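Working notes, structure below.
The values are calculated or read from the model by the stated rules, or taken from the named source; none is laboratory data. No experiment lies behind these values; they were computed from the predicted model shown. Glycine gets a Cβ as well: all are built from the backbone with ideal geometry, and neighbour counts include every protein chain shown.
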Ligand SMILES: [Zn+2]
Ligand SMILES: [Zn+2]
């Protein structure tokens, strides 16, 4: 078993990045460089914060 691992989201591509929120290892396609999160976390954070929307 290799520890380098596959993307924890798609489990098909090699994980070259790590989410700094949940720590998931993800491939380039599932990493959001803007936030440094995986796409799952990035979507959650964006949904929760509402970038420029009024409160
Ligand atoms: Zn992936
Ligand atoms: Zn994450």
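Residue 1 passes every criterion in (1) more than 9 Å from ligand 1 (Cβ to nearest atom); (2) part of a loop (DSSP other than H, G, I, E, B); (3) exposed (fewer than 15 other Cβ atoms within 10 Å of the Cβ); (4) modelled with pLDDT of 95 or more apart from (4). For segment 40-53, the set of residues classified as under 8 Å from the mean Cα position of the chain (by Cα) and either at pLDDT below 95 or surrounded by fewer than 19 Cβ atoms within 10 Å (Cβ to Cβ) (or both) consists of 40 only.
Working only within segment 18-39, note down all residues that are surrounded by 20 or more Cβ atoms within 10 Å (Cβ to Cβ) and not in a loop (DSSP other than H, G, I, E, B). Residues satisfying the conditions are 25, 26, 30, 31, 37, 38. Among residues of segment 24-37 that are on the phi > 0 side of the Ramachandran plot, those with a Cβ under 9 angstrom from a residue that is assigned to a loop (DSSP other than H, G, I, E, B) and buried (at least 21 other Cβ atoms within 10 Å of the Cβ), sequence gap 6+ or separate chain, pair up as 36/19.
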